[in-house]
Amino acid sequence: MGVYIRPNTLSQALDALAERPYTPLAGGTDIYPAQANLAAWNRAPDLHVLDISALPDLQGIEETSGAWRLGALTTWTAAIESDLPVWFDGLRKAGRTVGGRQIQNRGTLAGNLCNASPAADGVPPLLALDCEVELASTAGRRRLPLSDFILGNRSTARRPDELLIALWIPKPRQAARSTFLKLGARNYLVISIAMVAATLEVHDGRVTAARLAVGSCSAAAQRLPDLEAALQDKPCDAALATTVEADHLSGLAPIDDVRGSADYRRDAALTLVRRALLDLVDAGSEMAA
């Protein structure tokens, strides 16, 4: 039989993880459907569940001198409705595509990362924000870039004795803006065929930093370092999208499945990247006006 515990303090949770492996439970929007699906085929394992929903150290959104800290229990609704800066708009847009309102009210950003689906909506916008994850165990704490945390399909760098406790988003050096675009069979309640997140930092009309990430086109969402370098110091105008070439997406590894072919995904990602840059150029013009 599986074990269920709901500790009241972080130290209690970490002590439990040090004794035996547990499956952390936050919003439950991934665990419950997965278990129900397995149960339908009489294959559901007995999980040892660590319910972290009562841990105060994992709650809240706060600003520090150089970053924003989002506790691991931050829900999509909280991220959407919180008074976060404009450069979080890409994350907000992604949040509005995650399931329906009930899922957004319960599902957490950290849970979306730990589930590590190739189609996880939270990964591209958080990659484009240079997110780091904070992990804690009885041995101490460590922080990893999100790109080093998600290793592949349903695979992360979290050790069995660790708990993801927070996301850290560094403040941009210059005025910044972000966006998120998702292609699916319909607008909502859909797993993406391809998705793109982009963040631009701009000073004196030129791009000083660019971060772009593509999801649903590899085992884990990928940044586009060659394109980011090519955008550096370019004028932030409508010609920016013409910088994007197919070779800039050569690091992606899309697959054929029921939602789309690999070739279609690759072409869709290229189009979405160009549209994302145009959206950010338009947003910058509106801000300047």
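Data overview
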| item | result |
| --- | --- |
| Within the stretch 147-174, considering residues that are free of Cβ contacts under 8 Å to residues at least 40 places away in the same chain and surrounded by 13 or more Cβ atoms within 10 Å (Cβ to Cβ), the one farthest from TYR22 (Cα to Cα) | GLN174 |
| Tally of residues being modelled with pLDDT under 90 and either touching a helix residue (DSSP H, G or I) at 6+ places or on another chain (Cβ under 7 Å) or not assigned by TED's automatic domain parsing to the domain that holds ALA241 (or both) across the stretch 180-201 | 0 |
| Tally, over the stretch 110-127, of residues that are out of contact with any helix residue (DSSP H, G or I) (no Cβ under 6 Å at 6 or more places or on another chain), part of a helix (DSSP H, G or I) and not β-branched (Val, Ile, Thr) | 7 |
| Residue count, the stretch 233-265 (criterion: within 24 Å of the chain's Cα centre (by Cα) and in a loop (DSSP other than H, G, I, E, B)) | 11 |
| Only one of ARG92, ARG173, ARG158, ARG143 that is more than 14 Å from the chain's Cα centre (by Cα), of a type in the set (D, E, K, R) and not in a loop (DSSP other than H, G, I, E, B) | ARG143 |
| LEU278, sole failed condition from (1) at pLDDT below 95; (2) surrounded by fewer than 18 Cβ atoms within 10 Å (Cβ to Cβ) | (1) |
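Condition check ((1) surrounded by 12 or more Cβ atoms within 10 Å (Cβ to Cβ); (2) β-branched (Val, Ile, Thr); (3) outside the structural domain of GLY140 (by TED's automatic domain parsing)) across all residues:
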| position | (1), (2), (3) |
| --- | --- |
| ALA13 | yes, no, no |
| LEU17 | yes, no, no |
| THR23 | yes, yes, no |
| TYR32 | yes, no, no |
| ALA36 | no, no, no |
| ALA40 | no, no, no |
| ASP46 | no, no, no |
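The values are calculated or read from the model by the stated rules, or taken from the named source; none is laboratory data. Only a predicted model underlies this, so the values are computations on that prediction, with no experimental measurement involved. Using ideal geometry, Cβ is built from the backbone for each residue, glycine included, and neighbour counts are taken over all protein chains shown.
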